[in-house]
Amino acid sequence: MHGARVGFGLAMGMGLGLLVGCGGDDSAGTGDTGVVSISGPPTSGTGNDAAEDTAGIFDVGADGTAGNGGDCPGGGGMPGGEPEFSYIWIANSSQGTVSKINTFTGDEQGRYRTGPDDPDPSRTSVNQLGDVAVANRNGGIVKIAARTEDCVDLDGDGQIQSSTGPNDILDWGQDECVLWYHELPASGGNGPRPIAWEPLAEGCSPGAPRVWVAFYTGVDDDIGIIQRRDGATGALLDEVEVPVWRLTDRDRGPYGGAVNKAGDFWVTGYYGPAVRIDAETLDAEWFEPPAGSGFYGMALDQNEDIWIGGCDGAIYRFSQDTQSFTNVADIVGRARGVQIDGQGRAWFAGNNPCRLLMVDTVTATLVEDAIPLPGCGDPVGVSIDVEGYVWVVDREAEVAYKVDPESHDVVHTVTGLIEPYTYSDMTGHGLNLVSNPPAG
C-alpha cells in the first residue's frame, strides 16, 4: 500500500519468509512477525525544550553558534571552483572513534572519540560546510568541526587542542573540535543509525543547518523515533513517532537515511519499510517494502529516487513518480552500501563475493557486477568524493579503497582503520547531489 499515511489504521499482511542475512552491524532483537497494523497518528512536537537538550551539550560557545562554519568553505562536496578541503569521515566502530581522511591525499588528519565509554559509531553525515554528525549505535550523536577555525577554545589558552591523526586521539571531552554531544536511547544496541543534514539555504548562507536522526525504542513497543535537531547546539527541535515500525524479527528499526532538496527525511528499515518525514508538516508517509525483500543501504539519486542494496540478492529502486518499488536487478550474494555519482551511476558494496557493483540509474541497468577490490573481505559502505572517485569501506580488511570510476583501478588504499563500518553519506556528496543536481 504505497503512500499510506501512518496513523490511518491500515493493516498490511507482509508474508515475509526467512531471508539470508546481511551479516549486519550488530545483533537483532526478537519480536513478532507476520501481519502488522498501524494505529494512532504519528506524534510530533515543535520547539521541544526537554531537559536533556541542555545537559548533554559541551564545546559550544556562549552565543550557541559554535561550529557554524561561516560562509561555505567548499568542503563536503560543494560545487564551484576549487574546494578548500575534502574529507571522508569513517567510523571505527569497535574503537569508538571517527577518522577524518583527506580525499585528495588519503592522509588521515584527525581521529576523534564519538562518545563516552563504548559508543559504537556507525553512520556519519557531512553537511555542506564540511562538518560531520556521527550516530552511535550504543546511544548518542556528536558533531565535529572540519576546520580548526570552527573549533572552540574551551580552556582559553589561545590554542585549539585537537587530534592530528590516528595516533593522536584525545580523551573524551578534551578535543576542542568536538562541538556537541547528546545522549539518545539505545535499547538492545538499537541506538541511532540514520543521520542526515538538511541542505543549506539558497546562496550558501552562513549558519548551521539542522540535522535529522532516527532510532528504535526497542522490541517491546516497536516505535521508530525520528528527530530534527539544531545544527549549532544539537538541541531537539522536532520529534515524530512512527508506530509499529518492526516488520520482521530481522528488522532493527530505522537503518538508513537521506534528505532531499526540500529537507524531507527519507528513512529505510533493515528488512523494513521506507518512511518519508515532511520537513514542513512533519507528516509521516509509510511505503511498504516488496514481499520477501531485504533492504540494507540506501541513497537518493539526483531525481530523488531511492536506490537500495538488498541482503536478499537484489537491487531496488523507489520511484518518486510511481511511488513504488521495483526490483532493478538480481545479483550474486548481496548489495550493501550505495552512493550515486554525478554521472548517474549507482555504486554498491558487494558481499559474497566481495566486490564493487555499478548500476546505470538512467536505464536502471546493472552494468558491472564484479569490479575487484584487492584484498577485500567485507565491503560495507560506498561514498563519492569531490573529484568523483568512489570510496569503499571494508570492515573486515580494515581499509578504505579509493577507486577510479572510469578505469576501476584502486588508486589508493587507506589502512589503519579499526573495524570501519560506515555506509552513509561520508563525504557530503549525496546531500550535494540532491541540493545541486547536475544540469540536464
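Assorted remarks:
- Residue within the stretch 228-249 that is surrounded by 19 or more Cβ atoms within 10 Å (Cβ to Cβ), modelled with pLDDT under 90 and in contact with a Leu (Cβ under 8 Å, 6 or more places away or on another chain) present: yes
- The stretch 302-326, residues that are over 15 Å from residue 268 (Cβ atoms) and touching a Phe, Trp or Tyr at 6+ places or on another chain (Cβ under 6 Å): none
- The residue of the stretch 278-289 that is surrounded by the fewest Cβ atoms within 10 Å (Cβ to Cβ), among those that are part of a loop (DSSP other than H, G, I, E, B), of a type outside the set (Ser, Thr, Tyr) and modelled with pLDDT of 90 or more, is 280.
- Where a residue in the stretch 261-272 is modelled with pLDDT under 90 and its partner, wherever it lies, is assigned to a loop (DSSP other than H, G, I, E, B) and charged (D, E, K, R), with Cβ under 7 Å and at least six apart: 269/251; 270/250; 270/251; 270/252; 271/250; 271/251; 272/251
- All told, residue 364 meets the bar of being at pLDDT 95 or above, more than 20 Å from the chain's Cα centre (by Cα), under 29 Å from residue 285 (Cα atoms) and surrounded by fewer than 21 Cβ atoms within 10 Å (Cβ to Cβ).
- Residue 118 vs. criteria among the acidic types (Asp, Glu) and surrounded by fewer than 24 Cβ atoms within 10 Å (Cβ to Cβ): yes
- Selection count where residues are surrounded by 19 or more Cβ atoms within 10 Å (Cβ to Cβ) and out of contact with any Lys or Arg (no Cβ under 9 Å at 6 or more places or on another chain), scope the stretch 303-324: 4
The rows are residues; the columns are (1) under 14 Å from residue 186 (Cβ atoms); (2) open to solvent by less than 10 Å² (accessible area, probe 1.4 Å).
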site: 88; (1), (2): no, yes
site: 95; (1), (2): no, no
site: 103; (1), (2): no, yes
site: 110; (1), (2): no, yes
site: 114; (1), (2): yes, yes
site: 129; (1), (2): no, yes
site: 140; (1), (2): yes, yes
site: 144; (1), (2): no, yes
site: 148; (1), (2): no, no
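- Those residues of the stretch 413-440 which are open to solvent by 20 Å² or more (accessible area, probe 1.4 Å), out of contact with any Leu (no Cβ under 7 Å at 6 or more places or on another chain) and in a loop (DSSP other than H, G, I, E, B), in sequence order: 415, 416, 418, 419, 436, 437, 438, 439, 440
- Scanning the stretch 384-412 for residues that are closer than 18 Å to residue 101 by Cβ, open to solvent by 20 Å² or more (accessible area, probe 1.4 Å) and charged (D, E, K, R) yields a total of 4.
- Any chance residue 150 is of a type outside the set (Gly, Ala, Ser) and closer than 19 Å to residue 209 by Cα: yes
- Test: residue in the stretch 175-190 that is over 21 Å from residue 233 (Cα atoms), crowded, with 22+ Cβ neighbours inside 10 Å and modelled with pLDDT under 95: yes
- With respect to the conditions (1) farther than 19 Å from residue 266 by Cα; (2) in contact with a helix residue (DSSP H, G or I) (Cβ under 8 Å, 6 or more places away or on another chain); (3) not hydrophobic (A, V, I, L, M, F, W, C), residue 292 falls short on a single one, namely (2).
- Residue 381 in contact (Cβ under 8 Å) with a residue 24 or more places away in the chain, over 18 Å from the mean Cα position of the chain (by Cα) and either closer than 20 Å to residue 254 by Cβ or surrounded by fewer than 19 Cβ atoms within 10 Å (Cβ to Cβ) (or both): no
- Residue list for the stretch 346-397, filter: part of a loop (DSSP other than H, G, I, E, B) and charged (D, E, K, R): 378, 385, 387, 395, 396
- Selected residue [part of a loop (DSSP other than H, G, I, E, B), open to solvent by 10 Å² or more (accessible area, probe 1.4 Å) and either closer than 17 Å to residue 321 by Cα or not hydrophobic (A, V, I, L, M, F, W, C) (or both)] from 292, 263, 257: 292
- Failed item in (1) assigned to a strand (DSSP E or B); (2) over 20 Å from residue 200 (Cα atoms), with residue 332 passing the rest: (1)
- Scanning the stretch 305-320 for residues that are outside any strand (DSSP E or B), farther than 20 Å from residue 352 by Cα and among the charged types (D, E, K, R) returns a single hit, 305.
- Residues of the stretch 156-166 satisfying the condition of being open to solvent by 70 Å² or more (accessible area, probe 1.4 Å) and under 19 Å from residue 88 (Cβ atoms): 164
The values are calculated or read from the model by the stated rules, or taken from the named source; none is laboratory data. Please read these numbers as outputs of a predicted model, since none were measured by experiment. Please note: Cβ atoms are built from the backbone with ideal geometry, for glycine as well, and neighbour counts cover all protein chains shown. Accessible surface areas use protein heavy atoms only, side chains included; no ligands, DNA or RNA. Shrake-Rupley method; radii C 1.70, N 1.55, O 1.52, S 1.80 Å.
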